[in-house]
Amino acid sequence: MVRKFCNKTLLCIGFISLIHAAFSAAQHRSYLRITEQDSRALPLDIIIQTLVSLVVIIYNILQIVGDFKEIRAAVDLQQKSWETLSNIPSFYMFCHRGKALAQDYIPPSVKKSELSSLY
């Protein structure tokens with residue numbers, strides 16, 4: 001519980017730091033335009049802040065999300081038997097025409113009074 005809170009806090013700090021680095025880079029570019037200097041590279045502190053922020057964000061997102069599942073389906077299916085793989089409850093059908101072929105089938109439209117006259 002405390003660990004997730006710390007990870008979420010560090011994630012927020014990482015995003016704030018990344019936004020600050022982006023704002024600093026934009027401010028540095030506008031300063032270079034105003035002073036008419038021609039420098040294409042950003043200062044080293046902005047680059048380091050950006051990279052550290054990205055590492056903190058990626059690490060904390062991975063900690064918050066949790067365990068990953070294997071992409072290959074074969075890993076999950078190796079532990080199941082053939083009988084459980086073929087058991088699919090959503091394919092069960094109980095309302096089919098096989099009822100009409102049964103000898104003791106009574107259609108739903110036949111009333112009980114009519115049933116006694118049939119036998």
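Where a number appears in this text, it was derived from the coordinates with a stated rule and is not lab data. Remember, it's a predicted structure, so these values are computed and weren't measured experimentally. Cβ sites come from the backbone with ideal geometry, for glycine too, and all protein chains shown count toward neighbours.
Exposure proxy check: Ser17, Ser90 ranked by fewest other beta carbons within 10 Å? Mind showing how you got there, number by number?
Working: Ser17 17, Ser90 4.
Least crowded to most crowded, the residues run Ser90, Ser17.
Between Leu32 and Lys69, what length in nm is gained on full extension when 0.36 nm per residue of separation is reduced by their alpha carbon distance?
Numbers: separation 37, 0.36 × 37 = 13.32 nm, distance 4.82 nm.
That works out to 8.5 nm of additional length.
Gain in length, His96 to Gln78, computed as 0.36 nm per residue apart minus the alpha-carbon separation, to one decimal in nm? Present the calculation step by step, with values, prior to reporting the outcome.
Values: separation 18, 0.36 × 18 = 6.48 nm, distance 3.43 nm.
Net length gain for the segment: 3.1 nm.
Report the net charge of residues surrounding Leu32, where surrounding means a beta-carbon distance below 15 angstrom and charges are Lys +1, Arg +1, Asp -1, Glu -1. Don't skip to the answer; put the middle values down first.
Details: positive: Arg29, Arg33, Arg40; negative: Glu36, Asp38.
Around Leu32, the surrounding residues sum to +1.
Of the peptides 23-34, 48-59, how do they stack up when ordered by the mean number of other Cβ atoms within 10 Å, highest first? Could you put the intermediate results ahead of the total?
Numbers: 23-34: 12.0, 48-59: 14.9.
By packing density, highest mean first, the sequence is 48-59, 23-34.
Among Leu32, Ile47, Phe15, whose Cα projects farthest towards the positive end of the dipole of the stretch 2-65, with charges put on the beta-carbon of Lys, Arg (+1) and Asp, Glu (-1)?
Phe15
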